[in-house]
C-alpha cells in the first residue's frame, strides 16, 4: 500500500479489465517516474473518447459519427452479416482481410450466471436488419466458450425461421499447436470441421 494519490492511481488502473494489481502498479509508477510521459495528452484523450466515441446506429461498432466506417463503405457486401460479441472482435476479423461483408455487434453474450439474457443483447436490432431480405448469409462469430456457444445456438434457432443461410466460424486446433495439449472439446471440433486435402 502506498500513500494517498499514488495508491488512488493504482486502484483506478486496477479497476480496468485485464489489469491486475501488479500491472496497475507498473503503469502508475511509469507515469510517476517518466518525465517525458505526456499526462495531459492522456487526460485529454480520455475526455475526448468519452465525448466523441459512440456506437454505430446500424451495427453497434464503435464510431465517431452516427455510422461506423464499415457501414458507410459502399464497397462492402451487404448480403453477408458477421455477428460478433464485442466491437474488438470486428477489429480481429478485419485484420484477416478475409471478410468483406457487414457486421453486427451484439454487445455481449448470453450468460445466465451474469444475468445476461437475449433481451440484453442487440438481437432485436439484428432481426430488424434481416427483415428487408438483402442479407443471404449470417455468419455467427461468437467466442468458442460456454456463453458464445449458448448465444450461437440461440441465434441459429431464431434465424432458422428466416430463409437465410446461417453459418458458424470453424474452430479447432491453433496453428503451431500440439495435439497432446489440446482439450477434448477443441480436438472434437477439429474433427468435425475437417476439410478435404488436394
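The values are calculated or read from the model by the stated rules, or taken from the named source; none is laboratory data. On a predicted model such as this, the values are computed, not experimentally measured, just so you know. When we count neighbours, we look across all protein chains shown, and the Cβ atoms used for this are built from the backbone with ideal geometry, even at glycine.
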Against the definition (part of a loop (DSSP other than H, G, I, E, B), within 25 Å of residue 78 (Cα to Cα) and in contact (Cβ under 8 Å) with a residue 40 or more places away in the chain), how does residue 161 come out, yes or no?
no
Filtering region 128-140 down to residues that are loosely packed, with under 14 Cβ neighbours inside 10 Å and outside any loop (DSSP other than H, G, I, E, B) yields 128
Would you point out which residue out of 72, 122, 76, 100 is surrounded by 14 or more Cβ atoms within 10 Å (Cβ to Cβ), out of contact with any helix residue (DSSP H, G or I) (no Cβ under 8 Å at 6 or more places or on another chain) and modelled with pLDDT of 95 or more?
122
Restricting the search to region 104-118, which residues are closer than 19 Å to residue 55 by Cβ, part of a loop (DSSP other than H, G, I, E, B) and more than 9 Å from the chain's Cα centre (by Cα)?
109
Turns out the helices (runs of 4 or more DSSP H) fully within region 29-103 with at least 3 residues that are under 24 Å from residue 134 (Cα atoms) and either out of contact with any strand residue (DSSP E or B) (no Cβ under 9 Å at 6 or more places or on another chain) or assigned by TED's automatic domain parsing to the domain that holds residue 133 (or both) are 87-96
